[in-house]
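Bear in mind these aren't lab numbers, they're just calculated from the coordinates by the rules spelled out. What you see is a predicted model, and the numbers here were worked out from it, not measured in a lab. Glycine also receives a Cβ, built like all others from the backbone with ideal geometry; neighbour counts cover every protein chain displayed.
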Amino acid sequence: MPKPGITTKENTEFALRGINHLALVCKDMQRTVDFYSGVLGMPLVKTIELPRGMGQHFFFDIGNGDSLAFFWFPEAPGAVPGIASAAHMPGDGEILTAHGSMNHVAFDVPAERFEEYVAKLQEKGIRTSPILNHDNSPTGVAREVTDDVFVRSVYFMDPDGILLEFACWTKVFDESDIRHKPATAADAATWEANSLAPA
């Protein structure tokens with residue numbers, strides 16, 4: 001049986017095996033190591049000093065052969081929440097980010113340990129969002145776990161304001177899960193006008 005959230009469809013173009021690494025930028029590499037290794041328990045597996053004094057590049061093992069990497073550039077511009085990264089967690093405010101930005105990183109966790117992990121984050125002093133049971137309802141979230149819930153999520157932020165998520169799939173996707181026509185850049189004005197119209 002496939003892992004929840006995963007279909008049995010194959011990529012016929014490339015033999016992709018997941019994420020090799022996702023590279024982000026931090027302000028303070030020691031603080032980043034303290035958070036990702038010390039708080040979240042991710043082993044630091046590789047450190048690189050970049051040539052010509054450009055900075056550092058560190059890699060953390062996030063499981064399943066995948067890595068999360070961070071650059072530290074001494075001359076990097078400051079963070080721009082609400083443009084380059086989410087300014088808030090879901091439920092706290094706007095999560096809008098700019099084209100080409102990285103909105104958040106979701107780490108896959110076992111469904112049977114999800115609530116335990118939420119409590120563990122909170123015990124470590126990490127402020128989390130409420131648990132969100134994402135479903136296909138008009139609001140996109142259910143109060144309780146139902147047969148329609150496809151993923152459970154909790155959000156939190158790292159010391160640089162990078163939005164992170166612990167997520168667990170709760171069902172296997174099939175053809176019925178592809179229901180929407182992709183929006184285009186030309187749809188933006190109509191989309192915004194419809195969202196502002198009174199219900």
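What is the magnitude of the charge dipole of the chain about its Cα centre, with +1 placed on the Cβ of each Lys and Arg, -1 on the Cβ of each Asp and Glu, and no other charges, expressed in debye to the nearest 20?
320
Can you compute 3J(HN,Hα) from phi for each residue in the stretch 140-148, using the Karplus curve 6.51 cos²θ - 1.76 cosθ + 1.60 with θ = phi - 60°, rounded to whole Hz and x for Gly and Pro?
Coupling constants for the stretch 140-148: x, 9, 10, 5, 10, 6, 10, 5, 8 Hz.
Compute the distance in nm between two label points, each set 7 Å from the Cα along the Cα-to-Cβ direction, one at M29 and one at M54.
1.3
May I ask for the angle, rounded to the nearest 10°, between helix 114-123 and the longest principal axis of the chain, with both axes built from Cα atoms and the value confined to 0 to 90°?
Helix 114-123 sits at roughly 50 degrees to that axis.
Short version: ³J(HN,Hα) in whole Hz for each residue of the stretch 16-27, in order, from phi by Karplus 6.51 cos²θ - 1.76 cosθ + 1.60 (θ = phi - 60°), x for Gly and Pro, what are they?
Taking θ as phi minus 60°, the curve returns 6, 10, x, 8, 5, 7, 10, 9, 10, 10, 10, 8 Hz for the stretch 16-27.
I'd like to compare 101-112, 59-70: which one has the highest average count of other Cβ atoms within 10 Å, and what's the full order after that?
Top to bottom by mean Cβ count within 10 Å: 59-70, 101-112.
Under 5 Å between amide hydrogens, which residues at least 5 positions from I62 or on another chain qualify, with H placed 1.01 Å from N in the peptide plane?
Residues meeting the amide H criterion: S67, L68.
Over the chain, what is the relative contact order in whole percent, taking alpha-carbon pairs under 8 Å and six or more residues apart?
Answer for the chain is 19 percent.
Any idea how far apart H180 and M102 come out in nm if each label point goes 7 Å out from Cα toward Cβ?
So the two model labels end up 2.3 nm from each other.
Residue by residue through the stretch 154-171, which ³J(HN,Hα) values in whole Hz follow from phi under the Karplus form 6.51 cos²θ - 1.76 cosθ + 1.60 (θ = phi - 60°), with glycine and proline marked x?
9, 10, 7, 10, 7, x, 8, x, 6, 6, 10, 9, 9, 9, 9, 5, 10, 8
Among T12, T146, T47, which one moves the most in a GNM of the chain with springs linking Cα atoms closer than 10 Å?
Looking only at T12, T146, T47, the largest GNM fluctuation is found for T12.
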